[in-house]
Amino acid sequence: MKIELPPIIEEYVSASNRHDVKSVVACFSDDAIVYDEREKHRGKQSIEAWIGKTIEKYKFQFQPISVKDADGEIIVAIVVSGTFDGSPITLDYHFRIQDGRVSSLTIK
C-alpha cells in the first residue's frame, strides 16, 4: 500500500532510495538541521556530508509505512533496510517543513 506523503517528503524518500545526494540535499532549507545517530548536522554542506557518508556506510532503502501529523511535525515510520546489523528496522522520521522545504529532521 502506498502512503500519501507531503511532496517534499516524497521527494526526500525517492531521492534517498536512488542514493542521489544532490537531490536529497535539495529537499532541505539552507539552515536546516538533521539529528541522526546522536549527531547534529546544520546547513546544506553538513547535511550533504552526512547523507553521503550514510549512503556509503549503509546502502539503505526506505519503505514508508505510516504518516501522522503531531504538533507541527510530520512523523513518518519508515522501514529501513541496508548493510547494518538488525536490518531491516523501523525508524520514525520527524520532519518539520517550512516554505516547502525540510527545516528539521530528527531520526529516532
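Coordinate-derived values only; no laboratory data. Because the structure is a prediction, the values reported are computed rather than measured. Please note: Cβ atoms are built from the backbone with ideal geometry, for glycine as well, and neighbour counts cover all protein chains shown.
Values computed for the structure shown
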{"read-out": "Residue, farthest from residue 65 (Cα to Cα), within segment 8-32, restricted to residues that are in contact (Cβ under 8 Å) with a residue 60 or more places away in the chain and touching a Gly at 6+ places or on another chain (Cβ under 8 Å)", "value": "31"}
{"read-out": "Single match in 60, 95 (criterion: out of contact with any Asp or Glu (no Cβ under 7 Å at 6 or more places or on another chain), under 17 Å from residue 25 (Cα atoms) and among the aromatic types (Phe, Trp, Tyr))", "value": "60"}
{"read-out": "Those residues of segment 57-81 which are on the phi > 0 side of the Ramachandran plot and touching a residue at least 12 places away in the same chain (Cβ under 8 Å), in sequence order", "value": "59, 72"}
{"read-out": "Residue 67 under 16 Å from residue 108 (Cβ atoms) and surrounded by 17 or more Cβ atoms within 10 Å (Cβ to Cβ)", "value": "yes"}
{"read-out": "Tally of residues being part of a strand (DSSP E or B), touching a helix residue (DSSP H, G or I) at 6+ places or on another chain (Cβ under 7 Å) and closer than 17 Å to residue 15 by Cα across segment 33-70", "value": "4"}
{"read-out": "Enumeration of residues in segment 42-64 that are under 16 Å from residue 6 (Cβ atoms) and either surrounded by fewer than 17 Cβ atoms within 10 Å (Cβ to Cβ) or not hydrophobic (A, V, I, L, M, F, W, C) (or both)", "value": "64"}
